[in-house]
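The structure under discussion appears below in the form of structure tokens.
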Amino acid sequence: MRKLASIILFLTMLFDSSAQSTNSPLQISHLAGDFYVYKTFHFYKGTLISANAMYLVTDKGVIMFDAPWDETQYQPLLETIKAKHNKDVIMCFATHSHEDRAGGLGFYRQKGIKTYSIGKTDQILKGQNKKRAEFIIPNDTAFAVGKHSFKVYYPGKGHAPDNIVIWFDKQKKCCMEVALLKVLKQMI
Ligand SMILES: [Zn+2]
């Protein structure tokens, strides 16, 4: 139960989206170890909403989990990461097909960054005539990059029909969607 609570705390930090005003369109904060959370903003139905996403710094390069919601921050995010960590972004995962997650797939793919999604996400993006990931991965896939390893899996429909979970074994950290968080809260 404690483990579940710590995961939920992490999720709350990661997916705390709320209406707010901001001075900086791109805000990066250190989460723990090699994990960083970044926040961008987007006008949605007339209100400025924030969206949090995450990146992981490895000795091979930086892995992004979701793209900025604000498309004006696609390039600044790469430059900020380079300046802050002296590393390039090498991989980008879209955790589902919504604009605040997958919107940057075309941009990052065209930059030569390896982009990933599961087949369900790819089908939705294709159906909407949107930019898609270069690499379509099975629903359950393990990755090892530098000294980090993580698993991608599809837990079933949550916030979106295609939302995936990314689980970091060593850190016992989890990156998933907010609807799933609500389910977990009900379990406690
Ligand atoms: Zn969404």
Open item on the list: Criterion first (at pLDDT 95 or above, within 14 Å of the ligand (Cβ to nearest atom) and surrounded by fewer than 19 Cβ atoms within 10 Å (Cβ to Cβ)) does Gln128 satisfy it?
Closed with: yes
Open item on the list: Within the range 60-89, take every residue that is within 24 Å of Val165 (Cα to Cα) and among the small types (Gly, Ala, Ser) and give me the one that is farthest from the ligand (Cβ to nearest atom).
Closed with: Gly61
Open item on the list: Quick test of your reading of the structure: Gln123 fulfils all but one of (1) at pLDDT 95 or above; (2) outside any helix (DSSP H, G or I); (3) surrounded by 15 or more Cβ atoms within 10 Å (Cβ to Cβ). Name the failing condition by number.
Closed with: (2)
Task: Looking only at the range 90-112, and only at residues there that are farther than 10 Å from Ala67 by Cβ and among the hydrophobic types (A, V, I, L, M, F, W, C), the one that is farthest from the ligand (Cβ to nearest atom) - done: Ile90
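Among the residues of the range 16-58, write down those that are surrounded by 12 or more Cβ atoms within 10 Å (Cβ to Cβ) and either charged (D, E, K, R) or at pLDDT below 50 (or both). Steps first, answer last, please.
The first filter runs over the range 16-58 and keeps only residues surrounded by 12 or more Cβ atoms within 10 Å (Cβ to Cβ), leaving 16-17, 22, 25-28, 31, 33-42, 44, 48-58.
Correct list: Asp16, Ser17, Asp34, Lys39.
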Task: Subset of the range 136-172 (residues that are touching a residue at least 60 places away in the same chain (Cβ under 8 Å) and of a type in the set (Asp, Glu)) - done: Asp162
Task: Any hit, the range 82-91, residues being surrounded by 23 or more Cβ atoms within 10 Å (Cβ to Cβ) and of a type in the set (A, V, I, L, M, F, W, C) - done: no
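Residue check: is Lys114 among the basic types (Lys, Arg) and crowded, with 17+ Cβ neighbours inside 10 Å? If you could, list the steps in order and put the result at the bottom.
On the way: among the basic types (Lys, Arg): yes; crowded, with 17+ Cβ neighbours inside 10 Å: no.
It is false that Lys114 is among the basic types (Lys, Arg) and crowded, with 17+ Cβ neighbours inside 10 Å.
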- [ ] For the range 131-160, enumerate the residues that are part of a loop (DSSP other than H, G, I, E, B) and either of a type in the set (Ser, Thr, Tyr) or within 15 Å of the ligand (Cβ to nearest atom) (or both).
- [x] Tyr154, Pro155, Lys157, Gly158, His159, Ala160
Task: Filtered residue count, the range 34-89, keeping only those that are within 23 Å of Lys170 (Cβ to Cβ), not hydroxyl-bearing (Ser, Thr, Tyr) and not in a loop (DSSP other than H, G, I, E, B) - done: 16
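The values are calculated or read from the model by the stated rules, or taken from the named source; none is laboratory data. All of these numbers come straight from a predicted model, not from anything done at the bench. Positions of Cβ are generated from backbone atoms using ideal geometry, with glycine treated the same way; all protein chains shown enter the neighbour counts.
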